[in-house]
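I have placed the structure first, in the form of structure tokens, so that the comments after it can refer back to it.
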Amino acid sequence: MSSKNIENMSFTTRSIHLGDDDKKVGSPVEPAITMANSFILPYDPSSMNWSASDENIYTRNGGVNQGMLEKKLANLEGGEDCVVLASGVAALSALFFAMLKKGDHVIFSKVTYIATYRIFHELWTEKWGLETSIVDTTDIEEIKKAIRPNTKLIHFETPGNPTCCICDIEAIVKLAHENNILVSADNTFSSPYNTRPCEWGVDFTVESLTKYINGHGDSMGGAIIGRKEDMDKIRYQSQVNIGGIISPFNAWLIMRGSMTFPLRMQVHNDNALAVAKWLERQPCVSFVAYPGLESFKGHEIAKRQMEHGFGGVLSFGLKGEHDLYNRVVTHLEVFTSAVSLGNAESLIVFLGEDDERMYLYPQEFHGGFYRVAIGIEDKNDLINDLRQAFKAEGLETVD
């Protein structure tokens, strides 16, 4: 069957089959790892463009496994083309490096991944004269007020890390494009299974492939999805001439993980909703932030733009002092105290009162909180693990 036929099939079927088109009698069923940094040149290579990415020359220009993964992700995200790099932060940096210049103004969300915050709030403003504004991007009026004549880009996450805030993609895109401003959305918390920002008109979608799409906690990668002309610019400026290329092995691992990604993502969605609902009922819990809860501020928008569920990440607080959070974690048997998300196993991290961005978060977060990445274990085991850890510290629980 041709890849053209596959491209029109269901999300799950495309996740399995797209990218590896070189299937013939005697070839491996699954794609091989092409562990090469250089490729054989034609008879007369003298006229070749050594920075080209459309043919195999040198793996920094683009590798075989990287190309397979890019083809699959462009389709799954609803974009024209994709660039895959070494990490989610490498993808963010590549996008900003290629599309922004000195004197440009960027509006970015007050709730973002720490590296994004530092790029815009510290590093690029100090080093390269970029102008930036930190804005509550869940409030379209705040974004309007922040727009300047030199505003080039609006960047946000939805859901946002770590408060799970929800931005209205459609409204932001409409406002931005009316003012000739580009829009980039970090879709890592949602994943393309739940949300495809390119289909909502976003110019650039960024994914940390390290998370849900890989899904096994054993490799790192990042992707930018958008128009082909923009991806070509990013390839030339940021990939070929700056670096940050993904290794063939990591691209292969993520390609492998992507085959089960839709199945895993649905379990992440279902488990997180069940855990969030249980936590919301507990007397010892001060708040729960999860887009799937009807009580959550952005719930109605999330329902509109998250197709299959609300993701696997939630945050919550306890009614108690700082060290209570640490003691509760010591009693957990299923959850692991670690950063990241999208792994098969559930992860929990305590973020204390002194987090450098705490002043940007809602008031309920200011006393410290847990960010929890719900895995694909049995949801009842996850709830029971939290229950026994709470009880071990004398915290009241209800069924």
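Readers should treat all values here as calculations from the given coordinates under stated rules, not as data from a laboratory. Small disclaimer: the values here were computed from a predicted structure and weren't measured. When we count neighbours, we look across all protein chains shown, and the Cβ atoms used for this are built from the backbone with ideal geometry, even at glycine.
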Requested in this report: Run through the DSSP bridge list for the range 99-239 and note the antiparallel percent, rounded to the nearest 5.
Outcome: 25 percent
Requested in this report: Subtract the Cα-Cα distance of Lys101 and Glu170 from 0.36 nm times their separation in residues, and report this length gain in nm to one decimal.
Outcome: 22.2 nm
Requested in this report: Nearest 5 is fine: what % of DSSP beta bridges in the range 283-399 come out antiparallel, could you say?
Outcome: 85 percent
Report summary line: Highest mean packing first, using Cβ neighbours within 10 angstrom, the peptides 9-16, 274-281 sort as 274-281, 9-16
Query raised in the report: What is the log10 of I(q)/I(0) for the range 314-399, computed with the Debye formula using one identical point scatterer on each Cα and no solvent, at q = 0.13 Å⁻¹?
Result: -0.42
Query raised in the report: Under the definition of Cα pairs under 8 Å and six or more residues apart, what whole-number percent is the relative contact order of the chain?
Result: 17 percent
Report summary line: Long-range amide H partners of Asp81, meaning residues 5 or more apart or on another chain whose placed amide H is closer than 5 Å, are Gly226, Lys228
Query raised in the report: In the range 3-258, how does Rg compare with the Kirkwood Rh, expressed as the Rg/Rh ratio over alpha carbon atoms?
Result: 0.99
Report task. Let me have the 222 nm mean residue ellipticity of the chain computed from DSSP H runs of 4+ only, each contributing -39500 (n - 2.57), with the sum over all residues rounded to the nearest 500. Result -> -9500 deg cm²/dmol
Report task. Return Trp252, Trp124 ranked ascending by Cβ neighbour count within 10 Å, so the fewest neighbours appear first. Result -> Trp124, Trp252
Report task. Enter the angle in degrees (range 0 to 90, nearest 10) between the Cα long axis of helix 248-258 and the first principal axis of the Cα atoms of the chain, meaning the one along which they spread out most. Result -> 60 degrees
Query raised in the report: By how many nm would the segment from Thr125 to Glu294 grow when fully extended, if each residue of separation counts as 0.36 nm and the alpha-carbon distance is taken off?
Result: 57.0 nm
Query - Ranked by how many other beta carbons lie within 10 Å on average, peptides 92-104, 186-198, 63-75, 365-377 from highest - result: 186-198, 63-75, 365-377, 92-104
**Report entry** Inter-label distance for Asn380 and Val339, nm, one decimal - labels placed 7 Å from Cα along Cα-to-Cβ
**Finding:** 3.6 nm
Query raised in the report: Which ³J(HN,Hα) values, rounded to whole Hz and listed in residue order, are derived for the range 168-176 from phi using the Karplus coefficients 6.51, -1.76 and 1.60 in 6.51 cos²θ - 1.76 cosθ + 1.60 with θ = phi - 60°, glycine and proline given as x?
Result: 7, 4, 4, 5, 5, 4, 4, 4, 4
Requested in this report: Just the number, please: percent antiparallel of the DSSP beta bridges in the range 3-258, rounded to the nearest 5.
Outcome: 40 percent
Requested in this report: Identify all lysines with a Cα-Cα distance to Lys102 below 23 Å; exclude those on the same chain that are fewer than 8 residues away in sequence.
Outcome: Lys110, Lys127, Lys144, Lys145, Lys152, Lys233
Report task. Would you mind ranking Asp218, Asp355 by Cβ crowding within 10 Å, fewest neighbours first? Result -> Asp218, Asp355
Query raised in the report: Put +1 on the Cβ of every Lys and Arg and -1 on every Asp and Glu Cβ in the chain; which of Phe390, Gly215, Met259 then has its Cα farthest towards the positive end of the dipole?
Result: Met259
Query raised in the report: Can you list the HN-Hα couplings for the range 98-105, worked out from phi with the Karplus curve (6.51, -1.76, 1.60; θ = phi - 60°), rounded to whole Hz and with x for Gly and Pro?
Result: 6, 9, 10, 9, 3, x, 6, 10
Query raised in the report: For the range 1-95, what is the Kirkwood estimate of the hydrodynamic radius, computed as the reciprocal of the mean inverse distance between distinct Cα atoms, to one decimal in Å?
Result: 15.2 Å
Query - Cα centroid of the range 94-120 to Cα centroid of the range 139-165, whole Å - result: 11 Å
Query raised in the report: To the nearest 0.05, how large is the calculated FRET efficiency for Glu396 and His366 if R₀ is 35 Å and r is the Cβ-Cβ distance?
Result: 0.90
Query raised in the report: Out of residues 5 or more away from Thr151 or on other chains, whose amide H comes under 5 Å of its own, with H placed 1.01 Å from N in the peptide plane?
Result: His105
Report summary line: With +1 on the Cβ of every Lys and Arg and -1 on the Cβ of every Asp and Glu, the dipole magnitude of the chain about its Cα centre, in debye rounded to the nearest 20, is 520 debye
Query raised in the report: Could you state the number of Å between the C-alpha centres of the range 342-394 and the range 5-83?
Result: 39 Å
Query raised in the report: How many angstrom lie between the C-alpha centres of the range 311-329 and the range 190-240?
Result: 31 Å
Report task. Tell me the label-point distance for the pair Trp50, Ala36, using the 7 Å Cα-to-Cβ offset, in nm and rounded to one decimal. Result -> 1.9 nm
Report summary line: Spelling it out for Gly298: with amide H atoms placed in the peptide plane at 1.01 Å from N, the residues 5 or more places away or on another chain with amide H under 5 Å from its amide H are Ile166
Query raised in the report: In the range 261-392, what is the volume of the convex hull around the alpha carbon atoms, normalised per residue and reported in Å³?
Result: 107 Å³
